[in-house]
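Here the structure comes first, spelled out in C-alpha cells, and everything after it is commentary.
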C-alpha cells in the first residue's frame, strides 16, 4: 500500500488475505499504548473501556458492520 494513502486515522477496506501494511492496524477493538501511536491516540483517546490502562486507547471495532463471511477487513492508519 502506498505510504501516501490517507492520513493518520484514515480507515480503508482491504482483502483479509493481504497482510496488514506497516503503520496500519486492524479495526477490531484492540487496545494499544498511546506512546506507540501518539497521533492516533490524540484522535481516539476517548475510545476506551473500563479497565484499560491510562494512556491507552482502542481502535474502532468495525467487525459487526461487515457481513458474515465477507473476505475484507477494515484497517486504520496509525503511523506515517
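Oblate is the label for the chain. Its Cα gyration tensor axes, ordered a ≥ b ≥ c, give a/c of at least 1.5 and b/c at or above a/b. Per-residue ellipticity at 222 nm, computed for the chain from helices alone with -39500 (n - 2.57) per DSSP H run of at least four residues, works out to -2000 deg cm²/dmol.
Quick note: the coordinates plus some simple rules give every number you see, no bench work behind them. Predicted, not measured: the structure shown is a model, and the values here were computed from it.
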